[in-house]
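What follows is one structure encoded as structure tokens, with my remarks underneath.
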Amino acid sequence: LRVRKIPGAEEALMLIDSIYIHEAEKNKGKWKAYFKNNNPIHAEFGGGKGKFIIEMAISNPHINFIMVDMVTEVMLKAAQKAQELELSNLKMIRIDLRYAKQFFDANELERIYLNFSDPWPKKKHYKRRLTYRDFLMTYRDILIPDGEIHFKTDNRGLFEFSLNEFAELDLVMKNISLDLHKNSDVPYCTTEYEEKFIALGQPIYRIEVKFRNEKKES
Ligand SMILES: C[S@@+](CC[C@H](N)C(=O)[O-])C[C@H]1O[C@@H](n2cnc3c(N)ncnc32)[C@H](O)[C@@H]1O
């Protein structure tokens, strides 16, 4: 994803402090206290301009949401939208997910959404894909034992790669779809990228996975 630099974006983002959390590592292990309730926490990893997570936050007031992205410019757009809507159950943090464990403690998240993650199509870049096994091992640590990862993508190659990674780690797989929007009554919020691919008539692949409980102890 290439993004045009916006002068002052960093400063503008810092001002949206009802949504954007600077120095988010201070909340590690304390996210529930930060939201001031005991509601489950769902995170979107690589949330982009925020359409999906904002709609999720509006329709699920009893779930807390954290959007993660590493690009200031897209997060600024997402944070501005969320601020206008005065959503108290949505926060955003700008971090590189390679360092997710500096920001989330064990068992802090009930669910992780991966939506249209960058495919990194070149073979030599496979370790950057957010469904690469090292990322999955991190997700395992920060998710509760029954926590789920919900993944959707338009990219067949990334989907195939991800299925193999899930199988390699012996994850439980369910609700697999090779054409999510074939039937019109899909109960899930769509993302910016998803809308583009639907308009192009491209199929969306989707899967839900979770780790086997016994692996948590290892
Ligand atoms: C292709 S966009 C998809 C955005 C959105 N989920 C959607 O479906 O419209 C992928 C997003 O993931 C973010 N991203 C990729 N790798 C990341 C990483 N290692 N840490 C944090 N964010 C990352 C990018 O900055 C980008 O905004």
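The values are calculated or read from the model by the stated rules, or taken from the named source; none is laboratory data. Quantities reported herein were computed from a predicted structural model and do not represent experimental measurements. As a convention, Cβ positions derive from the backbone with ideal geometry for all residues, glycine included, and neighbour counts pool all protein chains shown.
Has region 89-97 got any residue that is surrounded by fewer than 20 Cβ atoms within 10 Å (Cβ to Cβ), within 25 Å of residue 6 (Cβ to Cβ) and acidic (Asp, Glu)? Yes: one or more hits.
Restricting the search to helices (runs of 4 or more DSSP H) fully inside region 1-92 and requiring at least 2 residues that are within 26 Å of residue 128 (Cα to Cα) and either modelled with pLDDT of 95 or more or more than 13 Å from the ligand (Cβ to nearest atom) (or both) gives 9-15, 51-59, 72-84. I'd like to verify a number: residues in region 146-187 that are in contact with a Lys or Arg (Cβ under 7 Å, 6 or more places away or on another chain) and of a type in the set (Gly, Ala, Ser), how many? Count: 2.
Here is a yes/no grid of residues against (1) in contact with a helix residue (DSSP H, G or I) (Cβ under 8 Å, 6 or more places away or on another chain); (2) near the ligand (Cβ under 9 Å from one of its atoms):
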{"site": "95", "(1), (2)": "yes, yes"}
{"site": "104", "(1), (2)": "yes, no"}
{"site": "112", "(1), (2)": "yes, no"}
{"site": "130", "(1), (2)": "yes, yes"}
{"site": "157", "(1), (2)": "no, no"}
{"site": "161", "(1), (2)": "yes, no"}
